[in-house]
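So the structure is just underneath, and the comments pick up after that.
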Amino acid sequence: TITFTGKVIDAPCGIATESANQAIDFGQISKSLLEKDGISQVKQIPIKLVNCDLTKAGSDTGAAGSYKGVKVTFNGNTITGATEELATTGNT
């Protein structure tokens, strides 16, 4: 018996396996800094895209018919009263 698994998706790119699940280490952040601004340092989140087809549907491969960038959306619980800021979990 051979079993195949997977999904067919309607997306111009996939995410490389090594980019799919990441833990971003912020190190130690001063509690007073977060209480003051509520914002920590900026961290880069590398996301490697694979198997990209940058041609828009219904167009030729010319520059006018190609995608020029990507849009990333992060979903999760947000801070009460700040719907554009992701909440964190932990004991501090």
Could you grab me the full set of residues in region 14-55 that are small (G, A, S) and touching a residue at least 12 places away in the same chain (Cβ under 8 Å)?
G14, A16, S19, G38, S40
Which residue pairs have Cβ atoms under 9 Å apart, sit 6 or more places apart or on different chains, and have a first residue in region 62-81 that is closer than 19 Å to L49 by Cα and among the basic types (K, R) and a second that is surrounded by 10 or more Cβ atoms within 10 Å (Cβ to Cβ) and modelled with pLDDT under 80?
K68/L54
Look through A20, A57 and report the one residue that is out of contact with any helix residue (DSSP H, G or I) (no Cβ under 6 Å at 6 or more places or on another chain), of a type in the set (A, V, I, L, M) and at pLDDT 80 or above.
A20
Please give the number of the condition G27 fails out of (1) on the phi > 0 side of the Ramachandran plot; (2) surrounded by 10 or more Cβ atoms within 10 Å (Cβ to Cβ); (3) at pLDDT 75 or above.
(2)
Checking C52 against (1) surrounded by 10 or more Cβ atoms within 10 Å (Cβ to Cβ); (2) modelled with pLDDT of 80 or more; (3) in a helix (DSSP H, G or I), the condition it does not meet
(3)
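The values are calculated or read from the model by the stated rules, or taken from the named source; none is laboratory data. Predicted model, so just to flag it, every value in this text is computed and none were measured. As a convention, Cβ positions derive from the backbone with ideal geometry for all residues, glycine included, and neighbour counts pool all protein chains shown.
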